[in-house]
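Please read the structure below before turning to the comments.
Laboratory data are not the source of any read-out in this text; all were calculated from the coordinates shown. The structure displayed is predicted, hence computed values, not measured ones. Every residue, glycine among them, receives a Cβ derived from its backbone with ideal geometry; neighbour counts consider all protein chains shown.
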Amino acid sequence: MNTVKKTIVGLTGGIGSGKSAAAKIFLALGVEVIDADALAREVVELGQPALSDIAAHFGDGILTTEGNLDRAALRSIVFSNPEHKSWLEGLLHPLIAELLQRRLDATKSPYAILESPLLLETEQHKLVQRVLVIDADEETQIARALRRDGGDEKTIRSIIASQINRDERVQRADDLVPNEASLEQLKVNIEALHSKYMEMVTE
């Protein structure tokens, strides 16, 4: 039985860079993807202790009429106030990290992907053996995020400003995929990386 530590590739990039599209391509190739954003939503679901803590801190106005977290309202608050953002991260990051580790340990594919917009801003980078960055310039990021999520440009620029500097993100990449072109080109690049990763884990 193979007892070598499973290879985990951290997939990251700024908002609107195309990391989710890249993750879907890996999924189609049979690679298990653990989505840190999905787990971040899971830990604040109705009935979870973290949701009660958030409501106690920010007030019930942060909840929908059904009692769920109003993520848009929370996002507008935390990205305009560093102290609120710091408090929220202190609450959620340890919970997310614990859940991430459990899900990564349970993966069965030859290697796994940890998809996370905050891979390099948090301790999550310690869970991976390689860092894959999907890169796009800021104007492309904004255009894609507006098209995908709606919202306003000011909030998106605040999110970009809160994330790690693009140059630093690129410098810390083991693998870098520019994503200014078509989805088809992204697919070609991800398939090439998949072949590289499969060679690495079967050596």
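Diffusion coefficient of the chain by Stokes-Einstein, Kirkwood radius over Cα pairs, 37 °C, 0.692 mPa s: 183 µm²/s. For the range 129-145, the Karplus equation 6.51 cos²θ - 1.76 cosθ + 1.60, evaluated at θ = phi - 60°, returns couplings of 9, 9, 10, 10, 10, 9, 10, 8, 6, 4, 5, 5, 4, 5, 4, 5, 5 Hz by residue, with Gly and Pro reported as x. Rounded to 0.05, the FRET efficiency of the His125 and Leu146 pair, given R0 = 25 Å and the Cβ-Cβ distance, is 0.30. Once C-alpha pairs closer than 8 Å and six or more residues apart are averaged by separation and normalised to the residue number of the chain, the relative contact order reads 38 percent. Estimated from helical segments only, the mean residue ellipticity of the chain at 222 nm is -16500 deg cm²/dmol, where each DSSP H run of four or more residues counts as -39500 (n - 2.57). Here r is the Cβ-Cβ distance between Arg172 and Asp37 and R0 is 25 Å; the resulting FRET efficiency, rounded to 0.05, is 0.80.
So how strong a dipole does the range 13-116 carry about its Cα centre when Lys and Arg Cβ are +1 and Asp and Glu Cβ are -1, to the nearest 20 debye?
For the range 13-116, the charge dipole is close to 360 debye.
Each residue of the range 184-196 was assigned a 3J(HN,Hα) from its phi angle through the Karplus expression (A = 6.51, B = -1.76, C = 1.60, θ = phi - 60°), giving 5, 5, 4, 4, 4, 5, 5, 5, 5, 5, 4, 4, 4 Hz with x at Gly and Pro. The ratio of the alpha-carbon radius of gyration of the range 115-203 to the globular-protein estimate 2.2 N^0.38 Å is 1.21.
Simple spin-label estimate for Thr7 and Glu199 gives 1.0 nm between the two label positions (7 Å along the Cα-to-Cβ direction from each Cα). Each Cα pair under 8 Å and six or more residues apart adds its sequence gap; the mean of these over the residue count of the range 103-172 is a relative contact order of 32 percent. Seen through its C-alpha gyration tensor, with square-root eigenvalues sorted a ≥ b ≥ c, the range 45-105 comes out oblate because a/c lies at 1.5 or above while a/b is not bigger than b/c. For the chain, take the longest principal axis of its alpha carbons; what is the angle in degrees between that and the long axis of helix 82-105, to the nearest 10 within 0 to 90? The helix 82-105 is inclined about 40 degrees to the chain.
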